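Student: Mind looking over this structure? Questions follow.
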Amino acid sequence: MAKAKKNKKTTQSHKRTGSHQKRTPNFMKTYWPYLPMVVGAGIFIVVGVSWKIAHSNLAQNNNGQAAAGISEKALQQKINALEQKQSEVINSRPQNPKGD
């Protein structure tokens, strides 16, 4: 009868001790080109958020136009007048008899 073999531990079962990469200046030099990209992305996010906040305030202020003296009825009258002018301009164009 053959003896059973002992299982040897493989290198995958050993826990890494963290000495695989030293944080030397040469190692860190690789990551320096990415820093401006990170800063740019941060600025982009800050500008985007502030832009959104500023325009949401404008939208809220525009909803209060009735308090500023512009009533819904007057606004609707202006819209109707503009639509009427537009239809008059379209109808006043000379028709092409050839159909071109």
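The values are calculated or read from the model by the stated rules, or taken from the named source; none is laboratory data. Worth saying up front: this structure is predicted, and the values here are computed from it rather than measured. Backbone-built Cβ (ideal geometry, glycine too); neighbour counts: all protein chains shown.
Student: Looking at segment 63-84, can you tell me whether even one residue there is on the phi > 0 side of the Ramachandran plot, modelled with pLDDT under 80 and not aliphatic (A, V, I, L, M)?
Tutor: Yes.
Student: Filter segment 21-40 down to residues that are of a type outside the set (Val, Ile, Thr) and surrounded by 10 or more Cβ atoms within 10 Å (Cβ to Cβ) and give me whichever is nearest to the chain's Cα centre (by Cα).
Tutor: Selected residue: Gly40.
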